[in-house]
Amino acid sequence: MSSADEQTSQPGTTPSEAGHAVDGRWQLVRFEDLKSAPSSAVPVSETQASAKPVPATQPKLRLERRQQLEHHLKESPTDLDGFMELGRIYRADDRPLEAKRILEQAKQIFPEELGLLWEYEEAVLARSLQQYQEVSELVSRLETPETERELKRSQNDWAHRRIEVCQSRLRRDSNMHHLRVVLAEAMYDAEMYKDAIVELNNVVNHDQLSPLAYLIRGRCLLALGNNVQAMVALRAVAFRRTFVAPLKTRIIALKILCETAEKLGVALTLAKYRQHLTQANQELAQRTVSGA
């Protein structure tokens with residue numbers, strides 16, 4: 001899929017991010033293929049190049065290797081390779097808190113190592129997402145004022161951790177334009193609508209990024225009560241010809257356009273949007289059947 005094609009409405013976990021959630025774990029992704037971090041974004045050091053791969057499909061081997069590394073680092077606390085490998089093993093075992101702890105320890109020793117900083121940031125994001133998902137699961141079973149407050153807190157933390165990481169990475173490399181969409185989305189989740197719109201001004205003319213940028217801009221404008229300008233942004237997602245948005249992204253934009261047109265009472269416009277939405281849903285159904 002393209003990044004936008006898998007757009008969902010769930011806050012905080014859309015694939016426009018520089019990472020995504022898989023089975024409750026934060027995974028590095030590249031905007032283009034959602035499988036790895038952008039090659040230009042991750043500083044490749046000799047340490048990373050020589051690091052041993054994590055035996056992801058062999059939990060027993062991971063446990064043995066983790067125990068070896070934990071013992072080794074007590075005796076050799078300046079082994080950067082060891083810290084990096086142990087952090088990745090913790091991440092593979094869905095233990096981001098331990099990954100964060102061990103990488104934070106390494107950061108004190110190697111404060112200038114950019115590859116290490118990247119891994120540490122990923123652990124921070126993974127831990128925040130894990131907490132958010134744990135609280136969400138709790139709320140689904142036990143809805144009380146206390147759990148609702150905790151859910152709101154974890155949502156805010158997830159948004160602000162993404163903001164911090166994106167801003168940090170953009171300071172290190174301002175050419176990571178896809179992160180501006182990630183940053184704007186996190187700002188939207190944090191209700192920082194005006195800041196998100198300012199950030200999106202940098203990428204709305206970037207063909208590959210523009211569909212998501214316009215979609216988030218439209219949502220921000222709606223949240224600010226600017227319905228007319230919001231519809232202009234959403235129409236850029238749904239009907240733009242110079243760079244056609246992925247189908248699922250267009251469907252989301254058309255749904256929001258229908259809701260907004262209905263709220264504003266513009267019947268003819270609403271009928272047009274509903275017609276296009278029906279056609280888009282039919283096209284999606286056909287793709288689903290042909291791909292089954």
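Looking at (1) charged (D, E, K, R); (2) at pLDDT below 95; (3) closer than 30 Å to residue 150 by Cβ; (4) part of a helix (DSSP H, G or I), which is the one condition that is false for residue 94? Only one criterion in (1) charged (D, E, K, R); (2) at pLDDT below 95; (3) closer than 30 Å to residue 150 by Cβ; (4) part of a helix (DSSP H, G or I) is unmet by residue 94, namely (4).
When we screen 75, 137, 112 for residues that are more than 26 Å from the chain's Cα centre (by Cα) and surrounded by fewer than 20 Cβ atoms within 10 Å (Cβ to Cβ), the only hit is 75.
Look at residue 129 and say whether it is in contact (Cβ under 8 Å) with a residue 12 or more places away in the chain, within 21 Å of residue 63 (Cβ to Cβ) and not in a loop (DSSP other than H, G, I, E, B).
Values: in contact (Cβ under 8 Å) with a residue 12 or more places away in the chain: yes; within 21 Å of residue 63 (Cβ to Cβ): no; not in a loop (DSSP other than H, G, I, E, B): yes.
So residue 129 does not fit the description; no.
Given the options 242, 288, name the one that is at pLDDT below 95, within 21 Å of residue 205 (Cα to Cα), surrounded by fewer than 18 Cβ atoms within 10 Å (Cβ to Cβ) and β-branched (Val, Ile, Thr). Explain how you work it out, then say what you get.
Numbers: 288 fails: within 21 Å of residue 205 (Cα to Cα).
Of 242, 288, the one residue that is at pLDDT below 95, within 21 Å of residue 205 (Cα to Cα), surrounded by fewer than 18 Cβ atoms within 10 Å (Cβ to Cβ) and β-branched (Val, Ile, Thr) is 242.
Condition check ((1) outside the structural domain of residue 129 (by TED's automatic domain parsing); (2) in contact (Cβ under 8 Å) with a residue 24 or more places away in the chain; (3) under 30 Å from residue 112 (Cβ atoms); (4) out of contact with any Gly (no Cβ under 7 Å at 6 or more places or on another chain)) across all residues:
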{"residue": "161", "(1), (2), (3), (4)": "no, yes, yes, yes"}
{"residue": "169", "(1), (2), (3), (4)": "no, yes, yes, yes"}
{"residue": "174", "(1), (2), (3), (4)": "no, no, yes, yes"}
{"residue": "181", "(1), (2), (3), (4)": "no, yes, yes, yes"}
{"residue": "213", "(1), (2), (3), (4)": "yes, yes, no, yes"}
{"residue": "245", "(1), (2), (3), (4)": "yes, yes, no, yes"}
{"residue": "252", "(1), (2), (3), (4)": "yes, yes, no, yes"}
{"residue": "264", "(1), (2), (3), (4)": "yes, yes, no, yes"}
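Being of a type outside the set (Lys, Arg) and in contact (Cβ under 8 Å) with a residue 24 or more places away in the chain is the requirement here; does residue 232 meet it? Taking the combined requirement at face value, the residue does not satisfy it.
Under the condition of being touching a Cys at 6+ places or on another chain (Cβ under 9 Å) and outside any helix (DSSP H, G or I), the residues counted in region 274-292 number 0. Only one of the numbered conditions (1) closer than 29 Å to residue 191 by Cα; (2) polar (S, T, N, Q); (3) over 26 Å from the mean Cα position of the chain (by Cα) is not met by residue 208, and that is (3).
Could you pull out the residue among 195, 207 that is in a loop (DSSP other than H, G, I, E, B) and among the charged types (D, E, K, R)?
Values: 195 fails: in a loop (DSSP other than H, G, I, E, B).
Answer to the selection: 207.
Residue count for region 262-285 satisfying the condition of being within 18 Å of residue 251 (Cα to Cα) and either more than 29 Å from the chain's Cα centre (by Cα) or surrounded by 11 or more Cβ atoms within 10 Å (Cβ to Cβ) (or both): 16.
Pairs meeting the criteria (first residue in region 144-156 and over 19 Å from residue 188 (Cα atoms), second residue part of a helix (DSSP H, G or I) and among the aliphatic types (A, V, I, L, M), beta carbons under 9 Å, at least 6 apart or on different chains) are 147/135; 147/138; 147/139; 148/139; 150/135; 150/138; 150/139.
The values are calculated or read from the model by the stated rules, or taken from the named source; none is laboratory data. Nothing here was measured: the structure is a model prediction, and the numbers come from that model. Neighbour counts run over all protein chains shown; Cβ positions are idealised from the backbone, glycine included.
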